[in-house]
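Here's the structure we're looking at; comments come further down.
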Amino acid sequence: MRESVLAAGLMLCLSPSWARQDRLDIVGVDGTVSAVVADEVATVKFPAVMGNHTMMNVTMKDGSVRRIPVAEFLRVDFTPENDSEQMAVTATADWNTRMEVSARSERMGQTVTADVWAEVPAVVSVYGDLTGKEYSGREGFLASDVMGEGMVRYSFAMPFEPVTVRCREYYPTLYNGVKMPLEWPPVASDHNSSKPMEVPYLTERPEVCPVDVGRQLFVDDFLIESTDLTRSFHKPVKYEGNPILSAVPSDMTAKTPGATAKDGGVWWEPREGLYKMWYEAGWYGKMALATSKDGLNWSRPDMEGGSNIIPSLADIRCNSSSVVLDYDAPDAERYKLFMRSPNATATDYRGWSMVSPDGVNWSGRTKTGTCGDKSTMFYNPFRRRWVYSIRSVYLEEEPHGRARYYHEHPDFLAGAKWGDDEPVFWCQSDELDNPDPEFRREPQLYNLNAVAYESLMLGMIQILIDENDVALNEERPKYTMLETGFSRDGFHWDRPCRDYFIECTRTKGTWDRGYVQSVGGICGVSGDELRIYYIGFAGEGENKTASNGATGVAVMRRDGFASMDAGENGGTLLTRILTSSQGAYLFVNASCGGSSLRAEILDAEGNPLPGYTAAECRVFSDDSTIAMLGWENGDRLPADVVTSGVRIRFHLGAGASLYSFWLSPSENGES
């Protein structure tokens, strides 16, 4: 039995990492970094003999050796019975391949081994002695679990009496305190079920919520301890100058005009001081480029021969696409593109992924795995993962019609080459998606695209309320609407408001009569406003279901998806325990209309901090998307208190509304 405890007690822990790093951190049992290997392609060896020997050698790529106490970051539950007993621990790590760890104990001719492997940099932690799970066997057993970002395998060979090993699960923690499940991507709701997706971080919220990243929105109760305010959801207003991009004669395919960023993309390029739009010219046409200085008035640059068709993409017809401007990427890969041609062209049901330094000259063309049309792609910067939002290929096999499957990868092009068994079922329409009264058909989830907005992922969910045959019979575009969803881990989506966020008009003669869809990048901040780009189709012409597609924009208040509103007697909102390593000034996005808003700071136990009470807070009574709150004795919050944990209680007067708050390191209110 002692040998099994020994093998199960091995722990090697690497710091959580969502991106490629230029170092490999080896972390101790208490979470502190004990050793750093500064070369990402170095093979690091940790030969060690436990028992009376507690030192180990770290061999660097250049041949140099560092001698470090094993006990600093390797824990082995092993007590030798005599000097002849020893345990050998060997680990190798190659950042580009995998990490291997093996432990061997020899006692009286018997050998126990523990082998662990995981994809690097996916390893978060490897434990052998973990509570919450039990595995037993006489001649040995093999247990496999997905831990954090990779597969972890425990292999114990025990040629002696039966043993039991108990395991506890290790959960990596995200930027907002959310603990990711052991299996990732997780198993979503039952494919056959019509129940809404479960959102575990809302039912098991972290005790402490870090708020270093972005503005904190009130789209759910994640940050709220208690309140008597009422949550309201809001919609954008369609821009009166719509459409901002409509078809010209060159935007024509088979007598079908169109200029639709489907999903394409609209992004601000600070290097050029321009907005850029990638759109589909015509119907199932080629990718074209438009540019703008203000995001509203667009022009078509000459790409080649007087055309704005992108030459490097001219050989591909487009059904759906996604463009992402990757601000942190090397210059050669600054732009990422995923394209899926119509089924008539993509007979293998595969798409293309590629990269570009400028959004015009595309290279690295990589064939993707199998995907249905209207598949899309987005980037989750909080976890630094590229996510392919994959439409199911065989709709007749889906119990609720169109459904989405999920595939992620830290490397964009490598992640495009998924196998048929890699994407996991993700989401579909559910019982809260009520049939539209006009058609009384079960709605279908047509697309899910997303973008990072402040401290969460904003999802634009396209809902189909009729069907192709209905639209064909009525000689019009099919009717799809846009709704919102919000996620704090990038996989689980909370959809608290099922009202249409942006809807088609259903009115003949209007540019967005039907087939309303999201645009890649989804939205952009312009001063106090948030612009949400979308497309629509008027129909008409020879192809009445797909003609005259155009691109427009809808506008709403910045952070304006939801507000916490006070009634005629006012009200309060108390946050959960918050921490910030950098924030020292409290900012709000609020509308008081002559009423009032105050805040008081409490310690983690709920005790008001002297000097930061509601009575000492200067009253805010204006309407602003960025307003700093302060107190009589100063505006800056005590750094040590904010770091250790605080609560904020907001006091709102009658009719006041609070949209968001954040802790900023600057008096300018950067988030």
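The values are calculated or read from the model by the stated rules, or taken from the named source; none is laboratory data. Fair warning: this is a prediction, and the values are worked out from it, not measured in the lab. Cβ sites come from the backbone with ideal geometry, for glycine too, and all protein chains shown count toward neighbours. To get the accessible areas, we keep the full protein, side chains included, count just its heavy atoms, and leave off ligands, DNA and RNA. Shrake-Rupley method; radii C 1.70, N 1.55, O 1.52, S 1.80 Å.
Out of the residues in segment 260-285 that are in a strand (DSSP E or B) and farther than 13 Å from Ser320 by Cα, state the one that is most open to solvent (accessible area, probe 1.4 Å).
As a first pass, look at segment 260-285 and keep what is in a strand (DSSP E or B): 260-269, 274-281.
Among the residues that remain, those that are also farther than 13 Å from Ser320 by Cα are: 266-269, 274-277.
On the way: Val266: 12, Trp267: 37, Trp268: 101, Glu269: 3, Leu274: 38, Tyr275: 41, Lys276: 10, Met277: 0 Å².
In this case the residue turns out to be Trp268.
Residues are listed down the side, and each one gets a yes or a no for (1) closer than 30 Å to Asp603 by Cβ; (2) crowded, with 16+ Cβ neighbours inside 10 Å; (3) modelled with pLDDT of 75 or more; (4) not charged (D, E, K, R):
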residue	(1), (2), (3), (4)
Arg168	no, no, no, no
Lys179	yes, yes, yes, no
Met197	no, yes, yes, yes
Pro206	yes, yes, yes, yes
Val211	yes, yes, yes, yes
Arg215	yes, yes, yes, no
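Scan segment 538-569 for residues that are over 26 Å from the mean Cα position of the chain (by Cα) and basic (Lys, Arg) and jot them down.
Across segment 538-569, the qualifying residue is only Lys544.
Specify which of the listed residues (Arg506, Arg476, Arg498, Arg440) is assigned to a loop (DSSP other than H, G, I, E, B) and either closer than 18 Å to Val266 by Cβ or open to solvent by less than 10 Å² (accessible area, probe 1.4 Å) (or both).
Just a single option satisfies the conditions, and that option is Arg476.
Pick from segment 636-655 the residues that are modelled with pLDDT under 95 and of a type in the set (D, E, K, R): which of them is most open to solvent (accessible area, probe 1.4 Å)?
Arg636
Quick check: anything in segment 320-337 in contact with a strand residue (DSSP E or B) (Cβ under 8 Å, 6 or more places away or on another chain), part of a loop (DSSP other than H, G, I, E, B) and of a type in the set (S, T, N, Q)?
The answer is no, given that none of the residues of segment 320-337 is in contact with a strand residue (DSSP E or B) (Cβ under 8 Å, 6 or more places away or on another chain), part of a loop (DSSP other than H, G, I, E, B) and of a type in the set (S, T, N, Q).
Restricting to segment 584-635, name every residue that is out of contact with any Phe, Trp or Tyr (no Cβ under 7 Å at 6 or more places or on another chain), small (Gly, Ala, Ser), in a strand (DSSP E or B) and crowded, with 18+ Cβ neighbours inside 10 Å.
Ser591
Being out of contact with any strand residue (DSSP E or B) (no Cβ under 6 Å at 6 or more places or on another chain) and assigned to a strand (DSSP E or B) narrows it down to one of Val519, Val555, Val525, so name that one.
Val525
Can you spot a residue in segment 561-583 that is aliphatic (A, V, I, L, M), in a loop (DSSP other than H, G, I, E, B), surrounded by 14 or more Cβ atoms within 10 Å (Cβ to Cβ) and without any contact (Cβ under 8 Å) to a residue 60 or more places away in the chain?
No: segment 561-583 contains no residue that is aliphatic (A, V, I, L, M), in a loop (DSSP other than H, G, I, E, B), surrounded by 14 or more Cβ atoms within 10 Å (Cβ to Cβ) and without any contact (Cβ under 8 Å) to a residue 60 or more places away in the chain.
Ala538: among the hydrophobic types (A, V, I, L, M, F, W, C), open to solvent by 10 Å² or more (accessible area, probe 1.4 Å), in contact with a Gly (Cβ under 8 Å, 6 or more places away or on another chain) and closer than 23 Å to Phe501 by Cβ, yes or no?
yes
Return the only residue of Val387, Val355, Val360 being crowded, with 23+ Cβ neighbours inside 10 Å and either free of Cβ contacts under 8 Å to residues at least 40 places away in the same chain or among the β-branched types (Val, Ile, Thr) (or both).
Details: Val355 fails: crowded, with 23+ Cβ neighbours inside 10 Å; Val360 fails: crowded, with 23+ Cβ neighbours inside 10 Å.
Result of the check over Val387, Val355, Val360: Val387.
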